[in-house]
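Here is the structure we will look at, set down as structure tokens.
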């Protein structure tokens, strides 16, 4: 019996070890430079992507860009956990590549921007992305920022703190209202040091951010009137991760946005990139060409 139990514990330990090894690799959710270039090189125009790193002292950030400098710039900011390759389908889209240069960042803690080292301050995340945009503003008169989920939070803060850098923003399923989102119970025990070491780095970074969402959003609550950029809000009506209240909250707060387009998608959750890709592209085109009208509210 004891021999059986020892063997059982041995195989169980092997299974746990195997799961952790698999999780650490699979849940990195990032691509090395060479692989990312290969993926994005598969585009309709045969354009060659370029990877860059910018070190501003307090954080080093990786970003990938593709397209022509003579066009407006669209910047993509991912949610959590994720990285720049989340935007592959948009970064290789023929319509967008025809009308804009495209750039995607690895947010601090993800991809190759200090992987596994969280930056819970949205203000500091916005600052490091702003340092990239300050370089790009020299070549691109028009810059549009598109943020998904917590990336939308960062884009909103970017528009608040650096209004001179952005001409338009698209907030996709964005976390914007303090407390109006799902926090899974597992986030609490796995953020404790006793269990933290077992978790893949991306999960630890996402947990650190998640458990600080509310105080970070509360810090932003009085800054919404600083957003001047043209704004499109897109959200699913049955989003069970970032609730639709976030979209209504932002709509009420965006009192100084040059233009505002508010779109709810009936029966859609936190999956707009996969299910409403054409609508996202349409929104980006409208921001590029200023083809939106004040306070448009629609449910699709």
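The values are calculated or read from the model by the stated rules, or taken from the named source; none is laboratory data. These figures come from a predicted structure and were not determined experimentally. Here the Cβ is made from the backbone with ideal geometry for all residues, glycine too, and neighbour counts use every protein chain on show.
In this structure, residue 159 qualifies as assigned by TED's automatic domain parsing to the domain that holds residue 217, out of contact with any helix residue (DSSP H, G or I) (no Cβ under 7 Å at 6 or more places or on another chain) and in a helix (DSSP H, G or I). Note on region 76-124: among residues that are within 11 Å of the chain's Cα centre (by Cα) and not in a loop (DSSP other than H, G, I, E, B), the one that is nearest to residue 176 (Cα to Cα) is 77.
In the set (1) in contact (Cβ under 8 Å) with a residue 60 or more places away in the chain; (2) farther than 27 Å from residue 33 by Cβ, residue 179 fails one condition alone, (1). Of the residues contained in region 115-130, one or more are found to be touching a strand residue (DSSP E or B) at 6+ places or on another chain (Cβ under 6 Å), modelled with pLDDT of 95 or more and surrounded by fewer than 24 Cβ atoms within 10 Å (Cβ to Cβ). Only one of the listed residues (241, 260) is surrounded by fewer than 22 Cβ atoms within 10 Å (Cβ to Cβ), over 16 Å from residue 158 (Cα atoms) and in contact with a helix residue (DSSP H, G or I) (Cβ under 9 Å, 6 or more places away or on another chain). That residue is 260. If you take the residues of region 15-70 that are modelled with pLDDT under 95 and part of a strand (DSSP E or B), which of them is surrounded by the fewest Cβ atoms within 10 Å (Cβ to Cβ)? Ranking the candidates gives 55 first.
Just to be sure, is residue 165 touching a helix residue (DSSP H, G or I) at 6+ places or on another chain (Cβ under 8 Å), part of a helix (DSSP H, G or I) and in the same structural domain as residue 36 (by TED's automatic domain parsing)? It is false that residue 165 is touching a helix residue (DSSP H, G or I) at 6+ places or on another chain (Cβ under 8 Å), part of a helix (DSSP H, G or I) and in the same structural domain as residue 36 (by TED's automatic domain parsing).
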